[in-house]
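The values are calculated or read from the model by the stated rules, or taken from the named source; none is laboratory data. Everything quoted here is computed from the prediction, not taken from an experiment. With ideal geometry, Cβ positions are generated from the backbone for all residues, glycine too; neighbour counts draw on all protein chains shown. Heavy atoms of the whole protein, side chains included, go into the accessibility calculation; ligands, DNA and RNA do not. Shrake-Rupley method; radii C 1.70, N 1.55, O 1.52, S 1.80 Å.
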Amino acid sequence: MSFFDDLCNRHWCKEFDCVCGTNVVIFTADGFIFFGLLDRVEDGVLTLVPAANENDVFVITAGGDIEEEDISYIDVCSVIALSKNVVKKPFHSHKDSNE
């Protein structure tokens, strides 16, 4: 992880390496919440892809809107909390109201 280890909490680096390949909910300092499958950690950047049985990565913005993305990139330094092994999407988009 190159120079990144010197700048951010080493605990997060090890933690994210351990949960690669699982569904996660990630909370960031700027108020965003992400739900997806943690695909990889590379040079301090997390790559989220759609979680199991989902078509998109779900993002709740700081304003409360729910966005759907094909892929998300998150700076590890902005992460303040992590929920691991999330079985299903913890929040609903407007598209879900018909279900």
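Overview of values
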quantity	calculated
Solvent-accessible area per residue, Å², over the range 10-84 with all protein chains present [probe radius 1.4 Å]	50 Å²
Distance between modelled label sites at Lys88 and Glu15, nm, 7 Å Cα→Cβ extension	2.7 nm
Mean separation of Cα contacts under 8 Å, 6 or more apart, over the residue count of the range 10-84: relative contact order %	32 percent
The range 10-84, accessible surface, carbon-and-sulfur percent (1.4 angstrom probe)	47 percent
With DNA, RNA and ligands ignored, accessible area of Ile60 (1.4 Å probe; Å², nearest 10)	30 Å²
Heavy atoms of Phe91 accessible to a 1.4 Å probe, total area in Å² rounded to 10	30 Å²
q = 0.16, 0.20, 0.33 Å⁻¹, the range 31-77: log10 I(q)/I(0) [Debye, one scatterer per Cα]	-0.40, -0.61, -1.17
Per-residue SASA entry for Phe32, accessible area with 1.4 Å probe, Å² rounded to 10	60 Å²
